[in-house]
1. Could you please find all residues in the stretch 114-140 being surrounded by 13 or more Cβ atoms within 10 Å (Cβ to Cβ) and β-branched (Val, Ile, Thr)?
2. State whether the residues of the stretch 16-31 include one that is open to solvent by 90 Å² or more (accessible area, probe 1.4 Å), at pLDDT 50 or above and outside any helix (DSSP H, G or I).
3. Could you list, in sequence order, the residues of the stretch 141-183 that are modelled with pLDDT under 80 and either open to solvent by less than 40 Å² (accessible area, probe 1.4 Å) or not hydroxyl-bearing (Ser, Thr, Tyr) (or both)?
4. Out of the stretch 62-82, which residues are farther than 16 Å from Arg148 by Cβ and either within 9 Å of the chain's Cα centre (by Cα) or in a strand (DSSP E or B) (or both)?
Amino acid sequence: MKKNIILTTILVFILLACSDDEDPKGPLPSEFGKATLVLNDKPLEFTVSARGWQCNSENLEISLNQSSANLERGTSFFVGNIPAKEGRYTLRRGDTNSGECELDIPFGSALTYSGATLVMLYEILEDKGPNELVITRYDSAAQRLEGRFQVALAVEDTLSPFSKRERLDTLRITQGTFVTPISPPEE
């Protein structure tokens, strides 16, 4: 189930990025926010979106995406099952069999892609923490979310035969911050 969520998130970002109607240097669509972070000692900017969590509409999910200008390569980070309120949350390794929905456990993962091919899936290294997300502002009236995060992830699954030479084994995200609108629930 988690791989389907991540794949869907990536496909949405790719489709939006491929639109001929938008100026790639112009402002982001209103449903996207901005995230800055340091990934393995390299400062980067990501687009970010938030919406209600699929298992519990009281909680949220956040998706971050960064891709090259020609969409040749990209990295996406996903955090799910986050309480919709200000606070500090420890991120766990995602495991759809452990019942994140029932246990109300926030979790995260990441993936890399090349063109339309998913290359690697990363899972949180729980012993290399702190792996945390801090919601510094949750405004339900304005549907706006702000926060910061840090996390360490390692390769869980290699999805492409070329991935060993193309990608890193570990992703270390530090100094992550984000500001994003919260998308309305899908009907």
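The values are calculated or read from the model by the stated rules, or taken from the named source; none is laboratory data. The shown structure was predicted, so the numbers you read here are calculated from the model rather than taken from an experiment. When we count neighbours, we look across all protein chains shown, and the Cβ atoms used for this are built from the backbone with ideal geometry, even at glycine. Just so you know, the surface numbers come from the protein's heavy atoms only, side chains and all, with ligands and any DNA or RNA stripped out. Shrake-Rupley method; radii C 1.70, N 1.55, O 1.52, S 1.80 Å.
1. Residues satisfying the conditions are Val119, Ile124, Val134, Ile135, Thr136.
2. Here is the first cut: in the stretch 16-31, the ones open to solvent by 90 Å² or more (accessible area, probe 1.4 Å) are 20-21, 23-25, 27, 30.
Filter once more, keeping what is at pLDDT 50 or above: 30.
In the following step, the residues that additionally are outside any helix (DSSP H, G or I) were identified as 30.
Yes, because at least one residue in the stretch 16-31 is open to solvent by 90 Å² or more (accessible area, probe 1.4 Å), at pLDDT 50 or above and outside any helix (DSSP H, G or I).
3. Those that are modelled with pLDDT under 80 and either open to solvent by less than 40 Å² (accessible area, probe 1.4 Å) or not hydroxyl-bearing (Ser, Thr, Tyr) (or both): Glu156, Asp157, Leu159, Ser160, Pro161, Phe162, Ser163, Lys164, Arg165, Glu166, Arg167, Leu168.
4. Matches in the stretch 62-82: Ser63, Asn65, Gln66, Ser67, Arg73, Gly74, Thr75, Ser76, Phe78, Gly80, Asn81.
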